[in-house]
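Comments concern the structure below.
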Amino acid sequence: TLQEHDFFMLKEITEQPKAIKQTLAGRLTASSVSIPELDTFFEQFQMESFRKVDIVASGTSYHSGMIGKKIIEQMLSIPVEVSISSEFSFEHGLLDDQTLVIVLSQSGETADTLSALKEAKAHGAKTIAITNKKRSNIARKADCMICTNAGPELAVPATKAYTCQMTALILLAIALSEKVSGPGNKMTPDMLEALKELPNEVEKCLIMTQDAIDKFAQVTDDQDHLFLIGRGLDYVLALEGALKLQEVAYLHADAYAAGEIKHGTMALFTPGIPVIALATQAHLREKTISNIREIKARDAYVVGITTIGDESVAEVVDEVLYIPEAHAFFMPILAAIPLQLLAYYAGTVRGYNVDRPRNLAKSLTVE
Ligand code: F6R
């Protein structure tokens, strides 16, 4: 149960409401957000001087970067590229003093990300680091450091570091958007509301999904493959869900944009193959449902994840999990919870030490 923390991974999954509260602490005002760390940065640099934004990170942090890209692009109407650190260090697009580079690293020590940061600085780009370690190399090297304040994460798989990074990215997107076009222009009241409610909603996700996910993990114990599908932000989250299952349960899990399956991967679908269909983005749900129908026609076993109040997903899947509904930007934070729990239960039912997956280290200080 949630009270028994056999592993740090479960402890860290369940403490996400508190961790997110810490990320938000001191950064919400009555009508907007305030990130004091950005003040000195913007005394030196004008947001108007940036022509583009690059987000650079590795692994799970790269996945929160992909979410951050979509959010910052929508909020700021500025081109945002997102890159894997180990690629960016050697091959990147336009990078100059009109580029704002945001690096994401829980540990603040990932060698690939540190190299990317140095490369960005060498080209005159201005840099912001979002990290969970105030006293780290990445924190020290960046022009500005925003700490996620998630508390120490001891299990190798990133869980609370991920949701707190996404929370920090939403705060940053709002703060940057206000620098561009005047206070409050881009932030809608439902975003502020969603930020304030976020810790509670994450708590609800833990309660609402834990038992069903535990059961699903038990029945997929003998499976060698699992697919995750989704559109938009759900697709990005599917990538993270797959990574967690690979590293924690040593299960071959792959993520696909829901509309892409029919372009090749469908050939792999055999009866009973487990598929997680993420359908938390209300505006994309109908399309995702038609993709689920295609998969069901091949007799896959589909678990749908959707929001409370939606009845359409339940009609096409074998099992449905409900999570609370929030502004679209926040759904990847809420829907991350059942996916983290799935990796945890799938790993433990197979008898693995989920805190210390084989061949992996918490902090990767070599390139
Ligand atoms: C996966 C995981 C890794 C890290 C990656 C980057 O659960 O933890 O993929 O996200 O090694 O680490 P940081 O964020 O410390 O730079």
Shape of the range 35-123, Cα gyration tensor, a/c cut at 1.5:
rounded
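Using only the Cα atoms, what convex hull volume per residue in Å³ does the chain have? Display every interim value, and only then the final one.
On the way: hull volume 47.1 nm³, N = 367.
That works out to 128 Å³ per residue.
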Rounded to the nearest 500, the 222 nm mean residue ellipticity computed for the chain from DSSP H runs (n ≥ 4, each -39500 (n - 2.57)) alone is -14500 deg cm²/dmol
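Arranged by the count of other C-beta atoms within 10 angstrom, fewest first, what order do Y301, Y250 take? Display every interim value, and only then the final one.
Details: Y301 20, Y250 16.
Least to most surrounded, the residues fall as Y250, Y301.
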What is the distance in Å between the Cα centres of the range 238-302 and the range 11-49?
34 Å
Two-site label geometry, T270 and D224: point separation in nm, points 7 Å out along Cα→Cβ:
0.7 nm
Considering only C-alpha atoms, what is the centroid distance from the range 168-218 to the range 305-367, in Å?
16 Å
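Fewest to most neighbouring Cβ within 10 Å: what's the order for Y352, Y235?
Result, fewest neighbours first: Y352, Y235.
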Most fluctuating residue given options L114, L100, L38, as computed from a GNM of the chain linking Cα atoms under 10 Å
L38
Taking the chain as a Gaussian network, Cα atoms linked when under 10 Å apart, which of G108, G259, G68 shows the biggest mean-square fluctuation?
G259
Using Cα springs under 10 Å in a Gaussian network model of the chain, which residue among F42, F227, F269 shows the largest mean-square fluctuation?
F42
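Throughout, read-outs are computed from the coordinates displayed, never taken from laboratory work. Predicted model only: the values in this text are computed from it and were never measured. A quick note on method: Cβ atoms are made from the backbone with ideal geometry, for glycine too, and the neighbour counts reach across all protein chains shown.
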